[in-house]
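Inspection log for the structure reproduced underneath, given as structure tokens.
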Amino acid sequence: MEAIGWIVLILLGLAISGLIYFIPSLVAKGRKHFAGIFVLNFFLGWTLFFWVGALIWALCDPKEIVVKK
């Protein structure tokens, strides 16, 4: 494989890894505690314990539903 192929493969792997890493933040986008979940995910998400904690927090904080009459 040529050097350019390896570079593309590495960049693709980094992009996919980054997407997986920020799943809790993506789930929490638009919710009440997005900033807190993002900070927890950004600084401590590299540990499996806090990554799972951020994911659970993101999933347990549903959007508020406003019903108009």
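Nothing in this text is a laboratory measurement; each read-out follows from the coordinates by a stated rule. It should be emphasised that the depicted structure is a prediction, and the values quoted were computed from it without experimental measurement. A quick note on method: Cβ atoms are made from the backbone with ideal geometry, for glycine too, and the neighbour counts reach across all protein chains shown.
Here are some notes:
- Per-residue HN-Hα couplings for the range 32-42 [Karplus 6.51, -1.76, 1.60; θ = phi - 60°; Hz; x = Gly/Pro]: 5, 9, 4, 4, x, 5, 5, 5, 4, 5, 5
- Rounded tilt (10° steps) of 3-21 against the dominant C-alpha axis of the chain: 20 degrees
- Full extension of the chain segment joining F49 with K29 gains 5.1 nm, where the gain is 0.36 nm per residue of separation less the Cα-Cα distance.
- Nearest-20 debye value, the chain charge dipole, Cβ charges on Lys, Arg, Asp, Glu: 540 debye
- With contacts taken as Cα pairs under 8 Å at a separation of at least 6 residues, the chain carries a relative contact order of 31 percent.
- Amide N of the range 27-54 lying under 19 Å from the label point, which is placed 7 angstrom from the Cα of L14 along Cα→Cβ: 42-43, 46
- With the helix formula -39500 (n - 2.57) applied to DSSP H stretches of n ≥ 4, the chain reaches a computed 222 nm mean residue ellipticity of -21500 deg cm²/dmol.
- The chain: projected area of the alpha-carbon convex hull, averaged over directions, in nm²: 6.6 nm²
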